[in-house]
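Only one structure is covered here, and it is reproduced in the block below.
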Amino acid sequence: MAKIEKTLSKKENIDGRRQILLRFLFSHSCVFRMKSGISVMKDMFDLEKEDIIIPTNNRYNQERFYEASRAKAELDYLINRVMSIAAAGTPDGQPLSREWIRYVMQLQDNDSIHLEINGLTLSKIEYAMRIDKNIKEEEKKAREAEEMEKAKEKTALPNAIDFFLAHQKFSRSRSYAYKVLIGMVQRFTMFKQESSDKGYSMYLDTISLEDMEEFMNYVRNEGSIAKKHYRLFSRILKACPLARSPKHPKKIADRGLNYVISVMKQLKAVYNWHIRMGLTLNNPLKRLELGAEIYGLPIYITKEERDRIADYDLSAAPVHLQQQRDIFIFQCLTGCRVGDLLKLTSANINDGILEYVPAKTKDHTQQVRPRVPLSERALALVRKYEGVDASGRLFPYISAQKYNEAIREVFRICSINRTVVRRNSVTGQNELVPISEIASSHMARRTFVGAAYKAVKDPNLIGAMSGHVPGSKAFSRYRQIDDEDLKTVISAIS
């Protein structure tokens, strides 16, 4: 890489400007000096940084701004021109010389189209842009090739996951899920090394089906394993902590089948990508039986319960509970996911219709854009909180976790505590619990979809408002087919 020096000529022009001089040091035998033909005022050039000073563009120094910007564009073009000639080298393989650089520049000048625009020719501008683009593309290809070569070496599975993640455009939450996966792989590896096999390792190219089956079992029962080997895990957790930060410690717990399946699907995505990139031929997940996720019946509140919560007098409750109650009701009336709800502003509402792009499907090939006509109750809530949030959002939100805690507290205050049947995600068994114990922001979304489906049996119409892509498997879980639906069908065919 050449060293480039930029200095100002000691000779001052009649108008007080000085010419910028260039010195390219390509090697000890090739030092190329040239006059740039670009002159600036002395106070417009930083001698220490060796560059033109571009002032702020405002009405007091617009002329100086344009003059400095134009001079810098000309100077950058000239430097790129010399560097591109040097990078191309000589046709006969001889060492680079200043005579050769001058010769090529002379040929280029003779062949250029002299259409002057602020001292530059169109051909020069286009040439400089083309050279810059080509150099960047070549550097990018070389960098990617080098990365791929390094990745082909013996790669530990956590590094393979990290490498996969670096080449994806995932949301923050989805990227974090893969970071959690890396932690689980590291803890499993350390547990194996400390408890049974000191030389155990998990490499991308050598992991077997048996390794994956054992890891799958470990993920599901990690809480029990950690409790049984608590001394060992006190050391493991120091090396691979669970929490995002020391202020928010977490405990290892056993996990349900659905969670384990989602983890293994993440690993499957990692392997599929590495195989597609030609980085491995190993595929231990190809024959692994994952099974299918099992979900319980959707639980949501009725329209009557929703209205009871909305109209309940919470004047004696803390202000934040009153605010979060209102946000929950708005979510019940619009069906937004909580991640989208937190980002809504008044710009999302036009002519009484809420419109937004869901974060979950923004990169989906079947991108949806929900449009939800707002009821008078929803519009009243928007007006009530207009200008309240310092960030300009529709409502004064708190964190997602505190939002869920506030919702459950509101349910208890409003005596919405009927018993419901819930499927325990860890044991897979059905259990009876008060609805106030499991209330959450997602219950509001289920309430919207469930109520809408009872009113209009058209999944496409409801999906256009809820943001589900056509054919979504998740959509069918939000609506519950009850006895009234069945009676309607029988009446229609009788």
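The values are calculated or read from the model by the stated rules, or taken from the named source; none is laboratory data. Source: prediction; values computed, not measured. Please note: Cβ atoms are built from the backbone with ideal geometry, for glycine as well, and neighbour counts cover all protein chains shown. These accessible areas exclude ligands, DNA and RNA; they are computed on the full protein's heavy atoms, side chains included. Shrake-Rupley method; radii C 1.70, N 1.55, O 1.52, S 1.80 Å.
Okay, here's what the table says:
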item: Any chance D43 is among the charged types (D, E, K, R) and at pLDDT below 90; result: yes
item: Near pairs, Cβ below 8 angstrom, 6+ apart or cross-chain, from region 20-32 (among the β-branched types (V, I, T)) to any residue that is open to solvent by 60 Å² or more (accessible area, probe 1.4 Å) and not in a strand (DSSP E or B); result: V31/R98
item: Close pairs (6 angstrom Cβ cut-off, 6 or more residues apart or separate chains): farther than 13 Å from E194 by Cα in region 231-249, surrounded by 11 or more Cβ atoms within 10 Å (Cβ to Cβ) and modelled with pLDDT of 55 or more anywhere; result: C240/G183; C240/Q186; C240/R187; P249/A243
item: Single unsatisfied condition, T90 versus (1) open to solvent by 40 Å² or more (accessible area, probe 1.4 Å); (2) without any contact (Cβ under 8 Å) to a residue 12 or more places away in the chain; (3) not hydrophobic (A, V, I, L, M, F, W, C); result: (1)
item: Residue tally, condition without any contact (Cβ under 8 Å) to a residue 40 or more places away in the chain and either in contact with a Cys (Cβ under 9 Å, 6 or more places away or on another chain) or surrounded by 14 or more Cβ atoms within 10 Å (Cβ to Cβ) (or both), over region 181-212; result: 7
item: Residues satisfying the stated conditions in region 383-407, i.e. outside any loop (DSSP other than H, G, I, E, B) and buried (at least 18 other Cβ atoms within 10 Å of the Cβ); result: Y403, N404, A406, I407
item: Filter result (open to solvent by 10 Å² or more (accessible area, probe 1.4 Å) and of a type outside the set (G, A, S)) within region 341-355; result: L342, K343, T345, N348, I349, N350, D351, I353, E355
item: Spans of helices (runs of 4 or more DSSP H) in region 205-314 with at least 3 residues among the acidic types (D, E), more than 30 Å from L379 (Cβ to Cβ) and within 30 Å of the chain's Cα centre (by Cα); result: none
item: Subset of region 408-436 (residues that are under 30 Å from Y356 (Cβ atoms), part of a helix (DSSP H, G or I) and open to solvent by 40 Å² or more (accessible area, probe 1.4 Å)); result: R408, E409
item: Qualifying position, being under 27 Å from Y103 (Cα atoms) and either outside any helix (DSSP H, G or I) or open to solvent by less than 40 Å² (accessible area, probe 1.4 Å) (or both), among I20, I14, I54; result: I20
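Each row is one residue, and each column tells you yes or no for (1) open to solvent by 20 Å² or more (accessible area, probe 1.4 Å); (2) in contact with a Ser or Thr (Cβ under 6 Å, 6 or more places away or on another chain); (3) at pLDDT 90 or above; (4) more than 22 Å from S440 (Cα to Cα).
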residue	(1), (2), (3), (4)
Y271	no, no, yes, yes
M277	yes, no, no, yes
K286	yes, no, no, yes
G291	yes, no, no, yes
R308	yes, no, yes, no
V368	yes, yes, no, yes
